[in-house]
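The values are calculated or read from the model by the stated rules, or taken from the named source; none is laboratory data. Everything numeric here is computed off the predicted structure, so don't read it as measured data. Here the Cβ positions follow ideal geometry from the backbone for every residue, glycine too, while neighbour counts run over all protein chains shown. We work out accessible area using only protein heavy atoms, side chains counted, and drop any ligands, DNA or RNA first. Shrake-Rupley method; radii C 1.70, N 1.55, O 1.52, S 1.80 Å.
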Amino acid sequence: MPLTPADPTVLHPMPGQPRVVQLKPLVTSPLIEVGDFSYYDDPDDATAFETRNVLYHYGPERLVIGKFCALGTGVRFLMNGANHRMDGPSTFPFPTLGGSWSDHFDLLTGLPGRGDTVVGNDVWFGYGSTVMPGVRIGHGAIIAAGAVVTSDVPDYGIAGGNPARLIRTRYTPDEVARLLSVAWWDWPLDHLTEHVRTVMSGTVDELEAAAPHAGA
């Protein structure tokens, strides 16, 4: 029997589990980009991810999420639209509420932003974690439950707390470099399917040996 990869175009990949959605076939905003197989799990309404989990997204900054990312219930991305002025006596955004206050909308435009929020491939987000605007999270990182990520997380780093700090890295710097070189998330799906067990539980040596170019 030939091996069959999962289908990245299926919205609900787990039969009988509507709480799990693959994000790529779900999102419609041109400001959100998600790679194949990244999923979100929420018992309430996982399909409302764009409105319930990506907040203050008024643009033009983008949210980019790589392939094979696992997002636990309640993960939220706060975008640059959440910013308020902090250089005057009040941080209250009067112009947004209308009336003559809207004549002062120029006080809200051009607020400093941190740019796009970018998540690498194979990132695991724990329950209720929050990512602040403009953060970059590296490949293979783990974000602990309840973490508030206010600064960048390196490849294969584990971050937790509020504000989140780097707890440790999952591999040595040499091993991280090797893993990034292998980049299993870019393997052809047929080849990846053949080596899923190695990707999930193998050593770095075994992963390198399984790479498509091995022995070529």
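Does the stretch 117-137 contain any residue that is basic (Lys, Arg), part of a loop (DSSP other than H, G, I, E, B) and either touching a helix residue (DSSP H, G or I) at 6+ places or on another chain (Cβ under 6 Å) or without any contact (Cβ under 8 Å) to a residue 60 or more places away in the chain (or both)? No, there is no match, as no residue in the stretch 117-137 is basic (Lys, Arg), part of a loop (DSSP other than H, G, I, E, B) and either touching a helix residue (DSSP H, G or I) at 6+ places or on another chain (Cβ under 6 Å) or without any contact (Cβ under 8 Å) to a residue 60 or more places away in the chain (or both). Tallying residues that are at pLDDT 95 or above, in a loop (DSSP other than H, G, I, E, B) and out of contact with any helix residue (DSSP H, G or I) (no Cβ under 6 Å at 6 or more places or on another chain) within the stretch 54-70 yields 3. Only a single item in (1) under 29 Å from Pro43 (Cα atoms); (2) of a type outside the set (Ser, Thr, Tyr); (3) surrounded by 16 or more Cβ atoms within 10 Å (Cβ to Cβ) is not met by Val182, and it is number (1).
The set of residues in the stretch 17-39 being open to solvent by 20 Å² or more (accessible area, probe 1.4 Å) and either over 14 Å from the mean Cα position of the chain (by Cα) or acidic (Asp, Glu) (or both) consists of Gln17, Pro18, Arg19, Pro25, Leu26, Thr28, Ser29, Pro30, Glu33, Asp36. Consider Gly140 carefully, then state whether it is surrounded by 14 or more Cβ atoms within 10 Å (Cβ to Cβ), touching an Asp or Glu at 6+ places or on another chain (Cβ under 6 Å) and in a loop (DSSP other than H, G, I, E, B). It is true that Gly140 is surrounded by 14 or more Cβ atoms within 10 Å (Cβ to Cβ), touching an Asp or Glu at 6+ places or on another chain (Cβ under 6 Å) and in a loop (DSSP other than H, G, I, E, B).
Any idea which of Tyr171, Tyr156 is open to solvent by 60 Å² or more (accessible area, probe 1.4 Å), among the hydroxyl-bearing types (Ser, Thr, Tyr) and either modelled with pLDDT under 95 or touching a Leu at 6+ places or on another chain (Cβ under 8 Å) (or both)?
Only one candidate passes the filter, namely Tyr171.
If you go through the stretch 107-119 and keep only what is of a type outside the set (Lys, Arg) and open to solvent by 10 Å² or more (accessible area, probe 1.4 Å), you end up with Leu107, Leu108, Thr109, Gly110, Leu111, Pro112, Gly113, Gly115, Asp116, Val118. Of the candidates Asp106, Asp186, Asp122, the single residue that is acidic (Asp, Glu) and modelled with pLDDT under 95 is Asp106.
For the stretch 40-50, filtering for residues that are surrounded by 21 or more Cβ atoms within 10 Å (Cβ to Cβ) and more than 18 Å from Val64 (Cβ to Cβ) leaves 1.
Quick check on this structure: which one of Thr73, Thr51, Thr96, Thr91 is of a type outside the set (A, V, I, L, M), in a loop (DSSP other than H, G, I, E, B) and free of Cβ contacts under 8 Å to residues at least 24 places away in the same chain? Selected residue: Thr91, the only one of Thr73, Thr51, Thr96, Thr91 that is of a type outside the set (A, V, I, L, M), in a loop (DSSP other than H, G, I, E, B) and free of Cβ contacts under 8 Å to residues at least 24 places away in the same chain. Given the condition in contact (Cβ under 8 Å) with a residue 40 or more places away in the chain, open to solvent by 20 Å² or more (accessible area, probe 1.4 Å) and not polar (S, T, N, Q), answer yes or no: does some residue in the stretch 146-153 qualify? There is no residue in the stretch 146-153 that is in contact (Cβ under 8 Å) with a residue 40 or more places away in the chain, open to solvent by 20 Å² or more (accessible area, probe 1.4 Å) and not polar (S, T, N, Q).
With respect to the stated conditions, Ile167 fails to be under 19 Å from Ile65 (Cα atoms) and β-branched (Val, Ile, Thr).
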